[in-house]
Every structure is written in structure tokens, then in C-alpha cells.
Amino acid sequence: METDMIIKTNLTALAAVIALTGGANAHATLEQDTALIGATTKITLRVPHGCNGEATNAVRIEIPDGFYAVKPMPKAGWTLTTQTGPYAEPYDNHGREMTEGVRAVIWSGGDLADDHYDEFTIRGSVGPKMSAGQAMFFPAVQTCANGTADWTDTSGSRDVPNPAPSLELIAGAADLGHGHASTDMTATTLGDLEIAAPFARATLPNQPVAGGFMTITNTGQADDVLIGAASSVAGRMEIHEMAMDGDVMRMRALDDGLRIPSGETVTLQPGGFHIMFMDLAGPLVAGDSISVTLTFENAGEVTLTMPVADLQGGGADHSGHGGH
């Protein structure tokens, strides 16, 4: 049975925000609100219109410091190019030091009409030294026949006409437990799957549920599906998704599991995909670790040690999720 948690949107407040910003839908924005520090994630730029009525012929995304190992997604009908350069600091990418990489991605030669909408996607990793609560900006420029639409202001102000698309960084495995929990960033390998940066969110006393998060990379030639999870700390566990449905945020159980496509990374994070600990035997305490067994359709079972983190903001609050 599909389980929904509905978070009602305050339309009056939303209207006020739109009035202040000159129309939230007029801005180029990111699909993602948050990203986990130390994890691989997908970044999707949403382009809602052209330049003063003209079609968009090119889209450029600047890659910020702290975001590395970038891979762009090709688009049919567009020419994809990248610009590379040195990083501000080196990164350890699966045992290989990276000192330079993609610093800008450009899709050109397209014809996105002003009254049409499209998305442009990249994938990369957030550096482990970034700070929770920090905004990460991805400045973007649309090029049209006789001008541009620049989304490049990184001040963070909502009053500017051209805010750069951004997301908030939230604590991942590199920031857990204030030195008490494991910070081992080594991925767990199960067949063609690599599971990295697992953590659970600490709970309040008597809170019946909690969320679990991680990244799962499928290096194989065939898709796999996360079909189950189990832990001694929970009476039962489910795989969930949070997503907007019009003006409503819905949380639902993925009864058929979570697909892990071949050659892709799926990020389980607050506000998106996650595993749900239900009927908790007791509170999850920041700094502790718990054992969780994941079951995949093809790869089989694997047991992980999942540190418990005390996340402050930036994610979905599951404290009111006891109606399952």
C-alpha cells in the first residue's frame, strides 16, 4: 500500500516570495535543494524560458570550487563541450589524486523555444572539506540569438534579478558524530555495486521513525534494484521517496524498490530517496553506529555499518512520519 505524507504549502507565503523575487518560475534553478558533503550527486539545471522571448541556443554551467569529478549528460540535438582547469585543492577520487578537472560545461547548437522548458544535467562529487549549511552556487548563462540570460549573482540575495542557481550542503559521512562516529569514506563493494557514505539521522526520544542515506554506484552492464533493508534497531524498514506533486510534498513507499541504473550513481539523501527505519526499538543517538542489511535484486545482500549523525536542518524531518 502506498503511504503518503502530505506537507501543505502556504500559498500566501509563496505568493509573497514570488512577488519579492519577480516570479520564482522566471529564474533558472536547480532541481536539487541539497547535496551531501563527501558524496556523489546529480545536479540538474532547469531552464524555464529564453532571452526576452528568443529561443535559447546554448547553456553554460560554471563548476564551483568544492565540486569535482564532473561528468555532463549529453542531450540529443545539442553539442556538448567542457572546459577544464586546475582545482583549488586536490581531491582523492577512489585512490587517484585529482588536481584538475571540468570547470565549465556547455551545451550549444540547440533551439529551445522561449515557451518551452528543458533540463541540463551533470554529475559530480562534493568535496569532503566543505561545510554543512554552506550554499554552493552553479552560475549559468543562456545564450540566445541577440543576447543572454545570465544567472550569475552568487551573493545569495533573493532581491537580485539574476541569482545563480544554488543548493545547500548538508552533513554527510565526512561530518558525522563530531569525531565520535566512523568517518571511513571507503566504499563497500557488492558485485557491480559500490555503496558509499552511509549514515542515519539521529532521533528524538519516542520518535518512531528515522531516515537512512548513502550513495550507490552501479559499475555493471545491467540495472539493479534495491528491494529491501533490515536492521535490529527497527521493527521494519521501507524504501521511500520524497517529491513535489504540484504544490504538495509527498512521501511514498517504493513498493517495487529503487532502481540503480547501469553506469549511474543514485544518491539517497534528505528530501529525496531514503531508507526508512520504522517502529524503532529506541532512539538513534548521534555518534553511535548501527548495522543495516541491504538487499538487491541481482547483487544480493550486504551488511553495512551506518554512523548516526545529528543533522541540523537541510533535510526532511521524519519526526512526524509515524502514521505508517
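Pairs only if they're at least six apart or on different chains, beta carbon under 6 angstrom, first in segment 82-110 and not assigned by TED's automatic domain parsing to the domain that holds Ala69, second at pLDDT 95 or above and not in a strand (DSSP E or B); list them, first residue then second.
Between residues of segment 82-110 that are not assigned by TED's automatic domain parsing to the domain that holds Ala69 and residues that are at pLDDT 95 or above and not in a strand (DSSP E or B), there is no close pair.
Tell me the strands (runs of 3 or more DSSP E) entirely within segment 196-260 that contain at least 3 residues that are of a type in the set (S, T, N, Q), buried (at least 16 other Cβ atoms within 10 Å of the Cβ) and touching a residue at least 12 places away in the same chain (Cβ under 8 Å).
Here the list reads 209-218.
Going by what's in this entry, would Asp279 be described as part of a loop (DSSP other than H, G, I, E, B), acidic (Asp, Glu) and either at negative phi or surrounded by fewer than 18 Cβ atoms within 10 Å (Cβ to Cβ) (or both)?
No: the conditions fail for Asp279.
Out of everything in segment 180-195 that is in a loop (DSSP other than H, G, I, E, B) and at pLDDT 90 or above, what residue ends up being farthest from Met242 (Cα to Cα)?
Gly191
Tally time: how many residues in segment 261-276 are under 21 Å from Asp192 (Cβ atoms) and assigned to a loop (DSSP other than H, G, I, E, B)?
Adding up the residues that qualify gives 4.
Could you figure out which of (1) modelled with pLDDT of 95 or more; (2) over 22 Å from the mean Cα position of the chain (by Cα) isn't true of Arg96?
In the conditions (1) modelled with pLDDT of 95 or more; (2) over 22 Å from the mean Cα position of the chain (by Cα), Arg96 misses (1) alone.
If we scan segment 126-142, do we find a residue that is among the hydroxyl-bearing types (Ser, Thr, Tyr) and not in a loop (DSSP other than H, G, I, E, B)?
No.
I'd like to know if segment 114-123 contains one or more residues that are part of a loop (DSSP other than H, G, I, E, B) and either surrounded by 12 or more Cβ atoms within 10 Å (Cβ to Cβ) or of a type in the set (Val, Ile, Thr) (or both).
yes
Counting residues that are modelled with pLDDT of 95 or more and more than 28 Å from Gly133 (Cα to Cα), which strands (runs of 3 or more DSSP E) fully inside segment 18-88 reach at least 2?
Correct list: 56-62.
Can you say whether Asp255 is more than 19 Å from Glu301 (Cβ to Cβ) and out of contact with any Phe, Trp or Tyr (no Cβ under 7 Å at 6 or more places or on another chain), as far as the supplied structure shows?
Against the criterion (more than 19 Å from Glu301 (Cβ to Cβ) and out of contact with any Phe, Trp or Tyr (no Cβ under 7 Å at 6 or more places or on another chain)), Asp255 qualifies.
Which numbered condition in (1) outside any strand (DSSP E or B); (2) modelled with pLDDT under 90 is the only one that Leu169 fails?
Leu169 satisfies every listed condition except (1).
The values are calculated or read from the model by the stated rules, or taken from the named source; none is laboratory data. All values reported here derive from a predicted model rather than from experimental measurement. Virtual Cβ from ideal backbone geometry, glycine too; neighbours counted across all protein chains shown.
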